[in-house]
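Heads up: the structure comes next, in structure tokens.
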Amino acid sequence: MGVYQGPSCKICRRNRVKLFLKGTRCETAKCAIEKRNYPPGIRSVVPRKISEFGRRLREKQKLRFFYGVSERQIRIYFENARKAKGVTGDNLLSQFERRLDNVVFRSGIASSRREARQMVNHGHFNVNGHMVDIASYTVREGDMVGLKRNDSELMAARFATKKTSPVWLLLDAPAKSIRIAHVPKREEIDVPVEEQLVVEFYSR
């Protein structure tokens, strides 16, 4: 199954929760949920009661669409999280948060994860001095993500504006860099997903 290419707003409406797939637009009155807070399709049809399998599937899909990954990628992340020490659900979310495209988005440089992914794929960033153009690259504690030398003024200006970022990311605007202070904990990850249901989905 490839990455979803259809209308982003339909995903949020289907799950009845904002997944912030369109960046800052989702925080305005133009958001589809603000205007049409009901699932897409024929509204006269009474929705069926969702089964336990359906609940787990929906949480898995929410997580997949939230970070914009494929089914194959999320399965790989789950296997890595299951083998690692600690709580599987927390390990799973930590891996998603430490993706390079998510780090760029969380730092406020990009308005959405889709835009952040495009920036990384175009080679605008380096990690510890080495250019990385793979959006799924996993950063580690202590890593330094910086802007490529001699990059455009437009990209450099994105660091100059005041931004809010998670406590596990330290943004240095003058140096145009982002340092990974520590591995994000569950309470530091604001993902509208019940990760335990995702774990149960893949453990069945």
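The values are calculated or read from the model by the stated rules, or taken from the named source; none is laboratory data. This one's a predicted model, so the numbers in the text were calculated from it and none came from an experiment. Note that we place each Cβ from the backbone using ideal geometry, even for glycine, and neighbour counts take in every protein chain shown.
Within region 166-178, if we keep just the residues that are modelled with pLDDT of 90 or more and over 17 Å from Asp101 (Cβ atoms), the residue that is surrounded by the most Cβ atoms within 10 Å (Cβ to Cβ) turns out to be Leu170. With the checklist (1) touching a Ser or Thr at 6+ places or on another chain (Cβ under 9 Å); (2) closer than 24 Å to Glu71 by Cβ; (3) among the polar types (S, T, N, Q) in hand, flag the one item Ser136 doesn't pass. Unmet for Ser136, out of (1) touching a Ser or Thr at 6+ places or on another chain (Cβ under 9 Å); (2) closer than 24 Å to Glu71 by Cβ; (3) among the polar types (S, T, N, Q): (1). Filter region 161-201 down to the residues that are within 16 Å of Lys62 (Cβ to Cβ), among the acidic types (Asp, Glu) and not in a loop (DSSP other than H, G, I, E, B), then identify the one that is farthest from the chain's Cα centre (by Cα). Ranking the qualifying residues of region 161-201, first place goes to Glu200.
Within region 54-62, is even one residue under 19 Å from Val139 (Cβ atoms) and of a type in the set (Gly, Ala, Ser)?
Of region 54-62, the ones under 19 Å from Val139 (Cβ atoms) are none.
Checked region 54-62: no residue is under 19 Å from Val139 (Cβ atoms) and of a type in the set (Gly, Ala, Ser).
Of the listed requirements (1) modelled with pLDDT of 90 or more; (2) part of a helix (DSSP H, G or I), Cys12 misses just one: (1). Of the helices (runs of 4 or more DSSP H) entirely within region 59-140, those holding at least 2 residues that are of a type in the set (D, E, K, R) and over 16 Å from Val193 (Cα atoms) occupy 71-83, 100-106, 113-121.
Residues are listed down the side, and each one gets a yes or a no for (1) out of contact with any Leu (no Cβ under 9 Å at 6 or more places or on another chain); (2) among the aliphatic types (A, V, I, L, M):
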{"site": "Val69", "(1), (2)": "no, yes"}
{"site": "Arg75", "(1), (2)": "yes, no"}
{"site": "Lys85", "(1), (2)": "yes, no"}
{"site": "Thr88", "(1), (2)": "yes, no"}
{"site": "Leu93", "(1), (2)": "no, yes"}
{"site": "Phe125", "(1), (2)": "no, no"}
{"site": "Gly129", "(1), (2)": "yes, no"}
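Taking the numbered list (1) in contact with a Gly (Cβ under 9 Å, 6 or more places away or on another chain); (2) assigned by TED's automatic domain parsing to the domain that holds Thr164 in turn, Thr138 passes all entries but (1). The residues listed here are Thr138, Thr161; of these, the one that is hydroxyl-bearing (Ser, Thr, Tyr) and surrounded by fewer than 12 Cβ atoms within 10 Å (Cβ to Cβ) is Thr161. Every listed requirement among (1) of a type in the set (D, E, K, R); (2) not assigned by TED's automatic domain parsing to the domain that holds Ala110; (3) not in a loop (DSSP other than H, G, I, E, B) is met by Arg158 save one, (2). Can you work out which of the residues in region 66-80 that are touching a residue at least 24 places away in the same chain (Cβ under 8 Å) and surrounded by 19 or more Cβ atoms within 10 Å (Cβ to Cβ) is farthest from Val191 (Cα to Cα)? Of everything passing the filter in region 66-80, Phe78 is farthest from Val191 (Cα to Cα).
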